[in-house]
Amino acid sequence: MLDLRKPAGYFFVLLGLILTATGLAFDFRAPLLDRNLNLEFGIFSLVFGGIFLWLARRA
Amino acid sequence: MSLHFVDYLVLVLYFGFVLGIGWFLRKHVRTSSEFLTSAHSLPLWITSLAFLAANMGALEMIGMCGSGAKYGMLTSHFYWVGAIPAMLFVGVFMMPFYYGSKARSVPEYLKLRFDEKTRGFNAITFAVMTIFSSGISMYALGILLQAIFGWSFTFSVLMSAGIVLAYTYLGGLSSAIYNEVLQFFLIVAGFAPLAILSVQKAGGWQGIEARLSPQMTQAWRHLANPADNPMGVEVFGLIMGLGFVLSFGYWCTNYLVIQRAMAARTMTDARNTPIVGAFPKMLIPFVVIVPGVAAAALSQLGAGYSIPLKNGGPDYDKVLFSLMEQFYPSGMLGVGLTALVASFMSGMAGNVTAFNTVWTYDIYQSYIRKNAPDSHYLWMGRMATIFGTAMSIGAAYLATQFNNMMDFLQLIFGFVNAPLFATFLLGMFWKRATGNGAFSGLVAGTAAAALTYSLTLAEGKGGWLGVLHEFPSSMAQNFWVAINAWTVCFFVTIVVSLFGKPRPEEELVGLVYGVTKHEAEPAVWYKRPAVLALVAAILCLGLNLIFY
């Protein structure tokens, strides 16, 4: 059976890449937001996905 | 609200992954059992997260956030009084009989324990309910996406339903469950930043407490009298109606969630599925309810946020979207929107996979075509996935034409659901209960629910036959309808059973407590269901005390 940690890991890594790149390239803001949320969430998503891939590789 | 290219990119990435998971898993589907019940093959962490996600539909997410803004932390009772105790109970006490009886579904357990008519009643009402539930949810999502993003109703409905159909058709229950886990992570990731940002903006929890009345931030202190709290409920109605009858009725008997636990590899894993799931479940209020409470505080703050309005009154269903609009920039907005679509899909896939199993095993194989080869039931399971989805879409369109009829149907389903927990409780823990007792209890309980509703009034609802009592809120009325239905079902089942002849004990082995031998417990303490449940119960009690 498919190890779910792999697709979940790849998904969050790719999501992280998209948002990190968006955060670095553009300064998108929202009315009540005073920080670069895309960059912060992008890095979080990269780490989260990376942990999944690391766990899958370890298994 | 306008979307940027990057928002669509996130949505497309998500669609690609859910379809990809279905495509990869298609090779593992060779029998009806693999397609419909995953053939007891999935690991615990996956079944427990799927157990949660199947219940985290879009309507629940939007509704809980709106309730947070309307009722404050009282909404947490749906989790800390409602869901958690029931999840722990089903894991410790009931799962041994669901899993150990070798039944393939909840209605099939009723057939083994009681008789054919009790199973038929449960299977048919459940199948109809799942179709309409997913239809109503699809309708609500279509309307919301149309209003907020300008997508057409037809596009929203067909796109979402089409993707769910594709991955459930390809990979069956395993594919639905795998995707539910991915959806669970995405839902939490998409909504959690909103909770952090909105609470920060409102000045932290202390800031929220300073701006709202204590009734909004304290969960227990204002429950002595219905007039003292915004929900209009009192402590007995809340604990008995929500905490006992409605929550136990849902979490302990609804095949949609039980099916996820029954897909586990071993009895211990099946029992631990809802218990392990209870740990993340008790934190969900921080992700979905707290942003709503923060929204109520922000609207008092004068920082540029106000609760959306509709016809001059607050429109609580739009609170979640309005928060996303205010806090999420393009990019993150795509994640939030995708999380919402994911929550819709996890709820719908839950309904579709429960429907196709109950249809194939409990209706088609039982009443239409018995003794066919397994390949035929596999085919029928796939067909049921297609026509179940098609009927859900039909129900969604029906809802656009007859909105009141959908409210009425939901009401009727509430009547049918309310007494069910009494039937299961007596079936599993009282060997004297008979099939005739169970069936007449269910019918009498359903009638009692309808009668209570017909003789009481709340917010202009009910009172069809006269008004003997007026409730301060619909919520209180729902709780008392459920309490009466449960009580009548419980006692009618007992009385009718005492007049009938009980089944011999040897026929009840594996089905009833007291005549079934206990399975050996795992050697390590932290894998034992009772120990884990105790830890979860203590943590849940702690949360109740913190927000007392």
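Which links in B:LYS111/B:LYS501; B:LYS370/B:LYS527; B:LYS70/B:LYS527; B:LYS27/B:LYS111; B:LYS431/B:LYS461; B:LYS281/B:LYS527 stretch past 29 Å when you go from one Cα to the other? Long pairs (Cα-Cα over 29 Å): B:LYS370/B:LYS527; B:LYS70/B:LYS527; B:LYS27/B:LYS111; B:LYS431/B:LYS461.
How would you classify segment B:388-464 from its alpha-carbon gyration tensor, with a ≥ b ≥ c the square roots of the eigenvalues: rounded for a/c under 1.5, else prolate if a/b is greater than b/c, otherwise oblate? It comes out oblate by the Cα gyration axes. Just check segment B:199-293 against the gyration tensor rule for me: Cα atoms, a ≥ b ≥ c as the square roots of the eigenvalues, rounded for a/c under 1.5, and otherwise prolate or oblate depending on whether a/b exceeds b/c. In terms of gyration-tensor shape, oblate. Charges were assigned to the Cβ only: +1 to each Lys and Arg, -1 to each Asp and Glu. The resulting dipole of chain B about its Cα centre is roughly 960 debye. Spin-label model, B:ALA390/B:VAL495: points 7 Å from Cα along the beta carbon direction are separated by 4.7 nm.
Placing a label point 7 Å from the Cα of B:THR400 along the Cα-to-Cβ line, the residues of segment B:113-135 whose backbone N sits under 19 Å from it are B:132-135. If you take the charge dipole of the protein assembly as shown about its Cα centre, with +1 on Lys and Arg Cβ and -1 on Asp and Glu Cβ, which of B:ALA140, B:ASN179, B:SER198 is farthest toward its positive end? My answer, from the dipole projection, is B:ASN179.
Using alpha-carbon positions, what is the distance between the centroids of segment B:1-62 and segment B:511-534, in Å? One Cα centre to the other: 30 Å. B:GLY514 sits among other residues whose Cβ lies under 12 Å from its own Cβ, and their net charge, with Lys and Arg +1 and Asp and Glu -1, is +2. Over all distinct Cα pairs, what is the inverse of the mean 1/r for segment B:210-350, reported as the Kirkwood hydrodynamic radius in Å? Evaluated on segment B:210-350, it is 18.4 Å. Across segment B:330-469, the mean sequence separation of Cα contacts (distance under 8 Å, 6 or more residues apart), normalised by length, yields a relative contact order of 14 percent. The calculated FRET efficiency for the pair A:LEU24 and B:ILE196, based on their C-beta separation and a Förster distance of 25 Å, comes to about 0.70.
All Cα-Cα separations within chain B were binned at 10 Å from zero, giving a P(r) of 4, 18, 29, 29, 16, 4, 1, 0, each value a whole percent of the pairs. Placing dummy labels 7 Å off each Cα toward the beta-carbon, the span from A:ARG57 to B:GLN146 is 4.9 nm. Given their separation in residues at 0.36 nm each and the Cα-Cα distance between them, B:VAL509 and B:SER213 gain 101.1 nm when the chain is fully extended.
Determine, at each q value in 0.06 (inverse angstroms), the log₁₀ of I(q)/I(0) that the Debye formula gives when each Cα of the protein assembly as shown is one equal point scatterer. The calculated log intensity ratios at q = 0.06 Å⁻¹ are -0.30.
For chain B, hydrophobic long helices are taken as DSSP H runs at least 27 Å long by C-alpha position along their axis with mean Kyte-Doolittle hydropathy of 1.6 or more; these are B:5-25. Among B:GLU506, B:GLU234, a tally of other beta-carbon atoms within 10 Å of each Cβ gives an order, fewest to most, of B:GLU506, B:GLU234. The spacing between segment B:406-447 and segment B:221-245, judged by their C-alpha centroids, is 24 Å. Between B:ARG30 and B:ALA224, residue separation times 0.36 nm minus the direct Cα-Cα distance comes to 64.2 nm.
Readers should treat all values here as calculations from the given coordinates under stated rules, not as data from a laboratory. None of these values were measured; they are calculated from a predicted model. Cβ coordinates were reconstructed from backbone atoms using ideal geometry, including for glycine residues, and neighbour counts include every protein chain displayed.
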